[in-house]
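Novice: Before I ask anything, here is the structure I am working with.
The values are calculated or read from the model by the stated rules, or taken from the named source; none is laboratory data. These numbers come from a predicted model, not from an experiment. Here Cβ is always computed from backbone atoms with ideal geometry, including for glycine, and neighbour counts include all displayed protein chains.
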Amino acid sequence: MGFRFSIVLNLLGQLKDRFSVYQQVRSLEEKLAIACSVEGVTGVEMVFPDELVDIELARDLLAKHNLHLSSVNVNLKGDPRWHQGALTASDRATRAEAVRWIVRGMEIAADLGSNLVTMCPLADGHDYPFEIDFNTPWNHFIQGIQSAADSHPEVRLSLEYKASEPRAQVIIGTVGKTLYACDQIDRTNVGVTLDTGHALFAGEHAAQSAALLSQARRLFLVHGNDNYRNWDWDMVPGSVNFWDFLESTFYLMRDYDGWIAFDVSPTRLDPTQVMQSSVRMFRVAEALISQVGPDEIARSIAQGPMASMGLFLTFLEGRLQLGQIAG
């Protein structure tokens with residue numbers, strides 16, 4: 001079974017950074033029209049609350065464009081109420097409201113035919129030394145996720161980790177820390193979103209992160225993108241770190257059967273072409289791995305470092321004509 005491709009939908013609208021504004025404002029229908037025009041894409045990840053204010057409109061537009069809701073992305077960072085933290089806020093009412101947002105996202109996901117919510121707690125963390133008592137917000141975070149998970153055990157809740165931004169230090173910044181959080185939360189419907197760019201930015205080997213999460217049965221979702229390991233640039237997967245991307249794809253082909261959601265920022269480029277390139281990169285990687293053969297790759301890994309050097313040459317000298325792979 002091949003990958004199922006999805007697009008994080010808000011990236012097809014207007015984008016901003018600290019310096020400029022990119023792309024035009026697009027309606028929900030306009031963004032969905034772009035998504036369905038990308039060959040190979042069959043789903044979208046929609047952001048709550050921004051893109052899910054009118055649930056019936058979302059339902060109708062998804063059906064019109066023949067797209068699945070791959071997941072609901074609960075945004076607990078953008079609203080000013082989260083500036084001092086969401087699940088880890090010192091104010092009890094703020095923490096309770098953050099849990100309600102996640103629960104509402106889970107309800108919407110189930111209503112629209114998905115069983116998956118993803119959430120990146122970017123407002124939760126700290127900026128300065130001696131700013132927080134680390135154990136207290138950590139315990140708040142664990143308890144908040146437990147409460148949300150228990151509200152709808154049939155819906156999976158996936159935690160996306162990131163080292164920093166907008167907080168200087170985000171509460172779950174690495175794969176290890178996130179797996180530790182999952183162990184403490186101790187709910188079977190709680191897992192992890194592996195954003196490959198976040199893994200690179202955290203100094204991780206994305207293939208190893210995927211393998212660890214799969215072994216722990218916690219890999220619920222993958223966000224595909226790339227960067228130079230110095231910032232979360234959200235570039236086309238495999239465009240910078242191709243060998244890392246190829247190895248990650250090998251482990252995902254072996255161990256993962258969920259959605260690949262493109263968390264790729266078009267900024268100055270045509271969004272349709274950027275997303276189509278993302279699909280094409282995965283298809284190229286799948287084709288290379290299939291040509292060499294997963295069993296042959298596994299044998300090379302078992303034989304040690306020199307065999308892996310030979311594997312590089314096999315990929316490079318392969319007879320596959322990449323230009324003939326359908327995009």
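Novice: Restricting the search to the range 214-269, which residues are hydroxyl-bearing (Ser, Thr, Tyr) and in a helix (DSSP H, G or I)?
Specialist: Of everything in the range 214-269, those that are hydroxyl-bearing (Ser, Thr, Tyr) and in a helix (DSSP H, G or I) turn out to be 214, 248, 249, 251.
Novice: Could you please find all residues in the range 20-60 being under 16 Å from residue 109 (Cβ atoms) and surrounded by 14 or more Cβ atoms within 10 Å (Cβ to Cβ)?
Specialist: 43, 44, 45, 46, 47, 48, 49, 50, 51, 52, 58, 59
Novice: If you don't mind, another one. List the strands (runs of 3 or more DSSP E) inside the range 1-106, counting only whole elements, that have at least 1 residues being over 22 Å from residue 159 (Cα atoms) and modelled with pLDDT of 95 or more.
Specialist: 41-48
Novice: Still on this model: Read through the list (1) touching a residue at least 40 places away in the same chain (Cβ under 8 Å); (2) out of contact with any Ser or Thr (no Cβ under 9 Å at 6 or more places or on another chain); (3) surrounded by 14 or more Cβ atoms within 10 Å (Cβ to Cβ), then give the number of the only condition that residue 102 fails.
Specialist: (2)
Novice: May I ask you to say which residue of 232, 270, 263, 255 is in contact with a Ser or Thr (Cβ under 8 Å, 6 or more places away or on another chain) and of a type in the set (D, E, K, R)?
Specialist: That would be 255, the only listed residue that is in contact with a Ser or Thr (Cβ under 8 Å, 6 or more places away or on another chain) and of a type in the set (D, E, K, R).
Rundown of residues vs (1) among the charged types (D, E, K, R); (2) touching a Cys at 6+ places or on another chain (Cβ under 7 Å); (3) touching a residue at least 12 places away in the same chain (Cβ under 8 Å); (4) surrounded by fewer than 13 Cβ atoms within 10 Å (Cβ to Cβ), yes/no style:
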site	(1), (2), (3), (4)
95	yes, no, yes, no
98	no, no, yes, no
109	no, no, yes, no
115	no, no, yes, no
120	no, no, yes, no
123	no, no, yes, no
128	no, no, yes, yes
131	yes, no, no, yes
135	no, no, no, yes
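Novice: To continue, here is another question. Name the pairs: first residue in the range 1-18 and crowded, with 17+ Cβ neighbours inside 10 Å, second residue in a loop (DSSP other than H, G, I, E, B) and β-branched (Val, Ile, Thr), Cβ to Cβ under 9 Å, at least 6 apart or on different chains?
Specialist: 5/38; 7/38; 7/264; 8/264; 11/264; 13/25; 15/267
Novice: Let me ask something else. Pick from 195, 232, 150: which is of a type in the set (D, E, K, R) and over 29 Å from residue 265 (Cα atoms)?
Specialist: Answer to the selection: 150.
Novice: When the range 275-296 is examined, which residues are found to be under 17 Å from the mean Cα position of the chain (by Cα) and among the β-branched types (Val, Ile, Thr)?
Specialist: Within the range 275-296, 279 is the sole residue that qualifies.
Novice: Mind listing whichever residues of the range 286-303 are more than 13 Å from residue 254 (Cβ to Cβ) and among the small types (Gly, Ala, Ser)?
Specialist: Within the range 286-303, 287, 300, 302 meet the criteria.
Novice: What's the number of the only condition in (1) touching a residue at least 40 places away in the same chain (Cβ under 8 Å); (2) surrounded by fewer than 20 Cβ atoms within 10 Å (Cβ to Cβ) that residue 217 fails to meet?
Specialist: Every condition holds for residue 217 apart from (1).
Novice: Restricting the search to the range 19-31, which residues are of a type in the set (A, V, I, L, M) and touching a residue at least 12 places away in the same chain (Cβ under 8 Å)?
Specialist: Listed by number, the residues that qualify are 25, 28.
Novice: For the range 1-36, enumerate the residues that are under 16 Å from residue 69 (Cα atoms) and polar (S, T, N, Q).
Specialist: Passing the criteria: 6, 10.
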